[in-house]
Amino acid sequence: MTKPNPNKHCKDDCVRTAVRYCEVALPMDVSAKAEIGRVETCCCGEPAVEAQEKNNGCRLVVRQRLKISVPIVYEAVVTTDCPQCFCKDGDCH
């Protein structure tokens, strides 16, 4: 009498794939820097003069439109820490 084969329902090519999800993070430090260059101004058009009465005299208000150019240089320095992996259950979203 032959013994029953406990694996008779299994194929010889029984292959399984194990799956695990993880979340990966990379901590970063960002340092910002800004420097102002040489500021340049120039007049646009003619000035406007407004006279206002004040007690025994007058007050003059002179208005002038200006073009102001401010060059700004921005920089950023990035340093990273060690990457981190957190195991998770569930699907990828």
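The values are calculated or read from the model by the stated rules, or taken from the named source; none is laboratory data. Note that this is a predicted model, so its numbers are computed, not measured. As a convention, Cβ positions derive from the backbone with ideal geometry for all residues, glycine included, and neighbour counts pool all protein chains shown.
Taking Arg59 as the residue in question, decide whether it is charged (D, E, K, R), surrounded by 10 or more Cβ atoms within 10 Å (Cβ to Cβ) and either assigned to a strand (DSSP E or B) or at pLDDT below 95 (or both). Spell out how you get there, then give the answer.
Numbers: charged (D, E, K, R): yes; surrounded by 10 or more Cβ atoms within 10 Å (Cβ to Cβ): yes; either assigned to a strand (DSSP E or B) or at pLDDT below 95 (or both): yes.
Judged against the criteria, Arg59 is a match.
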Is there any pair linking a residue in the range 33-48 that is part of a loop (DSSP other than H, G, I, E, B) and exposed (fewer than 10 other Cβ atoms within 10 Å of the Cβ) to one that is modelled with pLDDT of 95 or more and of a type in the set (Val, Ile, Thr), with Cβ under 6 Å and at least six apart or on different chains, and which?
-> Val39/Val70
Can you find even one residue in the range 16-31 that is modelled with pLDDT of 95 or more and of a type in the set (Lys, Arg)?
-> no
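Just to verify a result, which residue in the range 62-93, among those that are basic (Lys, Arg) and at pLDDT 95 or above, is farthest from the chain's Cα centre (by Cα)? Steps first, answer last, please.
Here is the first cut: in the range 62-93, the residues basic (Lys, Arg) are 63, 65, 67, 88.
Okay, now just the ones that are also at pLDDT 95 or above, so 63, 65, 67.
Numbers: Arg63: 40, Arg65: 36, Lys67: 31 Å.
Among them, the one singled out is Arg63.
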Restrict the check to the range 71-93 and report whether at least one residue is farther than 30 Å from Ala18 by Cβ, β-branched (Val, Ile, Thr) and not in a strand (DSSP E or B).
-> no
Reported set for the range 67-93 where residues are more than 30 Å from Val24 (Cβ to Cβ) and either surrounded by 10 or more Cβ atoms within 10 Å (Cβ to Cβ) or without any contact (Cβ under 8 Å) to a residue 24 or more places away in the chain (or both) is Ser69, Val70, Pro71
